[in-house]
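**Q** Below is a structure I'd like to ask you about.
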Amino acid sequence: MRMYRCRICGETYLGSEIPSNCPFCGAHRELIVDTADYPEDINAVQLTEVERADLETAIELERSNTRFYLAMAQRDDNRTLANAYKRLAAVEAEHCSLFCKLTGQPKPADLREPGDELGSWEADIDESARREHRASDLYAEFALRATSPRLREVWPAVSAVEADHIELDALAKHYI
Ligand SMILES: [Fe+2]
Ligand SMILES: [Fe+2]
């Protein structure tokens, strides 16, 4: 058994080998390192005005997506899909938490309160795909204008995770 840490969310993973994705934030395996190689001050970043504004936008986006997925997770007519979106809510909450750490602010008080869903799996999954496209595109854009090495690592990593979620939505359609 070894102890690994994710460079994106900072969570610890215990296992015999590096997983394909961080089980907490979804970051890809190349971002998961041995605990000894994890720099404790990784999130001590001096932000530019633009970087701070981009993080604020991302916090609001992740807050909204977390609450949307928590609402989907409450539907009681399909446990498979409800569980999948409960997992997705946890991943987006982890992203929100990371962005809050980077700006030095507390997590939104209502982060774990379910928002509203649209009333059918079909509509909810389409809405999810729309949200994931927006997140992936936005973070790719933020990556281009980020100047700090830390944000130049974080934005592409999280953008790739959101792109994975678009695939998950496509897969979810088969379980309706
Ligand atoms: Fe992670
Ligand atoms: Fe996502």
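**Q** Kindly establish whether L55 is open to solvent by less than 70 Å² (accessible area, probe 1.4 Å), within 14 Å of ligand 2 (Cβ to nearest atom) and aliphatic (A, V, I, L, M). Explain how you work it out, then say what you get.
**A** Values: open to solvent by less than 70 Å² (accessible area, probe 1.4 Å): yes; within 14 Å of ligand 2 (Cβ to nearest atom): no; aliphatic (A, V, I, L, M): yes.
Answer is no for this residue.
**Q** Moving on. Collect the residues in segment 136-150 that are away from ligand 1 (no atom under 16 Å from the Cβ) and either part of a helix (DSSP H, G or I) or open to solvent by less than 10 Å² (accessible area, probe 1.4 Å) (or both), keeping them in residue-number order. Step through it out loud before you land on a result.
**A** Let us first name the residues in segment 136-150 that are away from ligand 1 (no atom under 16 Å from the Cβ), namely 136-138, 140-149.
Result: S136, D137, L138, A140, E141, F142, A143, L144, R145, A146, P149.
**Q** Determine the pairs where a residue that is at pLDDT 95 or above, located within segment 60-88, has a partner that is β-branched (V, I, T) and not in a helix (DSSP H, G or I) with Cβ atoms under 8 Å apart, the partner being 6 or more residues away or on another chain.
**A** N78/I176; L81/I176
**Q** Just checking, does segment 79-86 include any residue being of a type in the set (S, T, N, Q), farther than 15 Å from H165 by Cα and not in a loop (DSSP other than H, G, I, E, B)? Explain how you work it out, then say what you get.
**A** Of the residues in segment 79-86, the ones of a type in the set (S, T, N, Q) are 80, 83.
Right, trim to farther than 15 Å from H165 by Cα and you get 80.
When the remaining residues are screened for being not in a loop (DSSP other than H, G, I, E, B), the result is 80.
Yes; the residues of segment 79-86 include at least one that is of a type in the set (S, T, N, Q), farther than 15 Å from H165 by Cα and not in a loop (DSSP other than H, G, I, E, B).
**Q** Can we say A160 is open to solvent by less than 20 Å² (accessible area, probe 1.4 Å), of a type in the set (A, V, I, L, M, F, W, C) and out of contact with any Leu (no Cβ under 7 Å at 6 or more places or on another chain)?
**A** No, not satisfied.
**Q** Could you check, for segment 27-47, whether at least one of its residues is within 14 Å of ligand 2 (Cβ to nearest atom) and assigned to a loop (DSSP other than H, G, I, E, B)?
**A** Yes.
**Q** Considering only residues of segment 96-130 that are among the hydrophobic types (A, V, I, L, M, F, W, C) and not in a helix (DSSP H, G or I), which is farthest from R152 (Cα to Cα)?
**A** Filtering segment 96-130 down to residues among the hydrophobic types (A, V, I, L, M, F, W, C) leaves 96, 98-100, 102, 109, 111, 118, 121, 123, 125, 129.
Restricting the remaining residues to those that are not in a helix (DSSP H, G or I) gives 109, 111, 118.
On the way: A109: 28, L111: 26, L118: 35 Å.
Looking at the filtered set, the residue picked out is L118.
**Q** Further, regarding this structure: Read through the list (1) within 16 Å of ligand 1 (Cβ to nearest atom); (2) not in a loop (DSSP other than H, G, I, E, B), then give the number of the only condition that G10 fails.
**A** Failing condition for G10: (2).
**Q** Separate question: Going by the conditions given, is A93 without any contact (Cβ under 8 Å) to a residue 40 or more places away in the chain, in a helix (DSSP H, G or I), open to solvent by less than 10 Å² (accessible area, probe 1.4 Å) and away from ligand 2 (no atom under 16 Å from the Cβ)? Outline the logic, then answer.
**A** On the way: without any contact (Cβ under 8 Å) to a residue 40 or more places away in the chain: yes; in a helix (DSSP H, G or I): yes; open to solvent by less than 10 Å² (accessible area, probe 1.4 Å): yes; away from ligand 2 (no atom under 16 Å from the Cβ): no.
In short, no.
The values are calculated or read from the model by the stated rules, or taken from the named source; none is laboratory data. Remember, it's a predicted structure, so these values are computed and weren't measured experimentally. Backbone-built Cβ (ideal geometry, glycine too); neighbour counts: all protein chains shown. Quick note on the areas: whole protein, heavy atoms, side chains included, nothing else; ligands and nucleic acids left out. Shrake-Rupley method; radii C 1.70, N 1.55, O 1.52, S 1.80 Å.
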